[in-house]
Amino acid sequence: IVGAASIATCTSCQFGKFSSERGLSSCTSCSPGRYGPATGLTVCTECETGKYISHSAQLQCAVCPLGKYAGVTGLSICQDCDAGTFAQSFGSSQCELCPSGTYSDSSGRSICSDCNVGKYLEYRGANHTSHCQDCEPGSYSIITGASSCTLCTSGKYGMVYGAKDSDE
């Protein structure tokens with residue numbers, strides 16, 4: 001304001017807005033991925049990893065939902081976890097590989113699916129049910145999500161692929 005008598009005529013920028021230069025007549029909204037948690041800001045704060053803001057002029061970041069992550073700061077959206085990975089917690093900054101014995105055949109998963117009884121999967125990060133292998137003859141699996149099959153005991157043998165118990 002021209003000829004203002006004191007600084008009292010200047011108003012602090014509102015929450016979610018900032019002013020980085022002197023002498024401006026208005027404040028700028030914080031852009032998506034950044035927030036303004038206080039009044040009178042000169043810069044906006046980037047959302048932390050695991051959080052996002054999709055709209056401008058926000059007061060705080062939201063946590064990424066299950067099955068999604070934000071691996072860097074300042075994001076306006078969270079990314080889906082790829083097939084073969086999952087994010088089981090809110091606010092994840094990265095996805096984890098599906099454990100051995102499990103798989104995830106689509107993106108954005110919060111849990112991995114178990115291989116069926118009679119099947120196993122030795123490695124992590126499988127992205128399709130076809131990675132689950134039948135137990136070889138002479139072995140079996142009585143549980144879902146097996147990372148290996150149990151061998152038939154001494155004095156017994158098995159002739160079936162994908163045996164679900166020791167009697168097959």
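The values are calculated or read from the model by the stated rules, or taken from the named source; none is laboratory data. This structure is a prediction, so every number in the text was calculated from the model and none was measured. Keep in mind that these areas ignore ligands, DNA and RNA; they rest on the heavy atoms of the full protein, side chains included. Shrake-Rupley method; radii C 1.70, N 1.55, O 1.52, S 1.80 Å.
Tabulated data
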| read-out | value |
| --- | --- |
| Length-normalised contact order of segment 1-126 in % [C-alpha pairs under 8 Å, at least 6 apart] | 18 percent |
| Solvent accessible area, Å² - D167, 1.4 Å probe, full protein context | 130 Å² |
| Sulfur and carbon atoms: percent of accessible area, the chain [1.4 Å] | 49 percent |
| Rounded to whole Hz, the Karplus (6.51, -1.76, 1.60) HN-Hα couplings of segment 72-78, x for glycine and proline | 10, 7, x, 8, 9, 8, 8 |
| Accessible area in the full protein assembly, largest first, 1.4 Å probe, for C149, C10 | C10, C149 |
| Per-selection metrics, segment 117-157 (Cα): Rg and Dmax in Å | 11.0, 38 |
| S139 long-range amide H proximity, modeled H, under 5 Å | C152 |
| Straight-distance crosslink candidates among lysines, where the alpha carbon sits under 27 Å from K68 and sequence neighbours closer than 8 are dropped | K51 |
| Where the chain is the region considered: accessible area per residue in Å², 1.4 Å probe | 61 Å² |
| Bridge type composition, the chain - antiparallel percent by DSSP, nearest 5 | 90 percent |
| For segment 41-100, convex hull volume per residue from C-alpha positions, Å³ | 62 Å³ |
| Calculated P(r) of segment 2-120 - Cα pairs past 25 Å, % | 44 percent |
| Estimated vicinal HN-Hα couplings, Hz - segment 135-144 in sequence order (Karplus 6.51, -1.76, 1.60; Gly, Pro = x) | 4, 6, x, x, 9, 7, 9, 9, 10, 7 |
